[in-house]
Amino acid sequence: MEFLIITGLSGAGKTRAADVLEDLDYYCVDNLPVALMTRFAELCLDTRGRYEKVALVTDIRDREGFGELPNTIEELRKMECDVRILYMDADVQTLVRRYKESRRPHPLAEKGMTTEEAVAKEEELLAPIKRSADYVVNSSSMTLGVLQNRLFALFAGEGRKRELAVTVMSFGFKHGIPLDADLVFDARFLPNPFYVDSLRTMSGLDRPVAEFVFSHQQTRTFLEKLEEMIAFLLPYYIEEGKVALTIAIGCTGGRHRSVALADALHKHLLANNINSVNINRDIDK
């Protein structure tokens with residue numbers, strides 16, 4: 001069983017690191033007391049493979065037990081756990097700024113002590129752990145996206161690439177713009193199948209409606225430019241750290257034009273090995 005211990009300076013990004021590792025299929029537990037680690041490992045081992053990758057966040061908040069971490073790591077290794085340590089680090093100026101922004105006290109801050117002094121005290125206490133760490137990640141100048149990329153490179157495994165989950169959603173403007181939309185495109189300028197008697201009761205998923213919608217040059221050009229824009233944007237969204245993107249395409253009622261376009265874009269993304277789902281929010285309204 002892979003046992004990753006996430007530790008380091010308070011405010012250096014341990015919880016964010018755990019969030020990223022959770023997306024990489026680690027079972028994560030935040031602020032687990034050191035005294036419970038071996039028992040927790042026993043429970044995981046007893047599941048016979050259910051928990052193959054575990055990440056535990058522990059730090060100076062466990063004031064009385066944290067000093068036992070080196071001995072606990074040795075015990076875990078005797079249990080045949082593959083134990084590694086990820087140490088999250090940051091410079092003093094960054095940590096002081098983060099605590100000022102969060103308006104929370106440093107866990108080691110005592111009456112009359114500055115945050116800078118508390119950070120220095122913590123650095124001294126954690127120095128042995130930092131020296132023995134398998135990975136040291138300094139988050140001082142990292143955006144969330146850069147941190148995700150760094151951890152992904154360390155723990156994702158060979159051959160696995162970062163992916164962005166894309167939702168292509170059709171909707172009707174008269175029913176309101178989707179609240180969770182990241183990108184919104186208006187298809188109301190296209191010829192409307194609603195005014196063709198034989199097509200009115202159908203939807204954009206029906207072949208006659210789709211053929212009508214795409215029989216017009218402006219529709220084909222619109223989809224082509226939309227595909228180009230999405231292809232341009234996706235790598236930058238991934239680099240920035242985004243994990244999910246909702247593309248909303250709207251027409252008047254959300255039944256014909258937007259549905260046909262959303263279905264076509266969804267199929268295009270799948271054909272290009274992009275993780276995509278299609279939702280037609282207002283198709284039955």
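Overview of values
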read-out: All strands (runs of 3 or more DSSP E) inside the range 17-118 with 3 or more residues being closer than 19 Å to residue 130 by Cβ and assigned by TED's automatic domain parsing to the domain that holds residue 138; value: 53-57, 82-89
read-out: Check on residue 209, touching a Pro at 6+ places or on another chain (Cβ under 6 Å) and either within 22 Å of residue 175 (Cα to Cα) or of a type outside the set (A, V, I, L, M) (or both); value: yes
read-out: Residue within the range 5-24 that is in contact with a helix residue (DSSP H, G or I) (Cβ under 7 Å, 6 or more places away or on another chain), surrounded by fewer than 21 Cβ atoms within 10 Å (Cβ to Cβ) and over 15 Å from residue 87 (Cα atoms) present; value: yes
read-out: Matching entry among 64, 52, 22 (being at pLDDT 90 or above and acidic (Asp, Glu)); value: 22
read-out: Residue check for residue 47: closer than 17 Å to residue 151 by Cα, among the polar types (S, T, N, Q) and out of contact with any Ser or Thr (no Cβ under 8 Å at 6 or more places or on another chain); value: no
read-out: Some residue of the range 162-182 being among the aromatic types (Phe, Trp, Tyr) and either more than 23 Å from residue 20 (Cα to Cα) or at pLDDT 90 or above (or both); value: yes
read-out: When residues of the range 232-285 are limited to those that are within 24 Å of residue 211 (Cβ to Cβ) and polar (S, T, N, Q), the one farthest from the chain's Cα centre (by Cα); value: 252
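The values are calculated or read from the model by the stated rules, or taken from the named source; none is laboratory data. Since the structure is predicted, the reported quantities are computational estimates derived from the model, not experimental observations. Glycine gets a Cβ as well: all are built from the backbone with ideal geometry, and neighbour counts include every protein chain shown.
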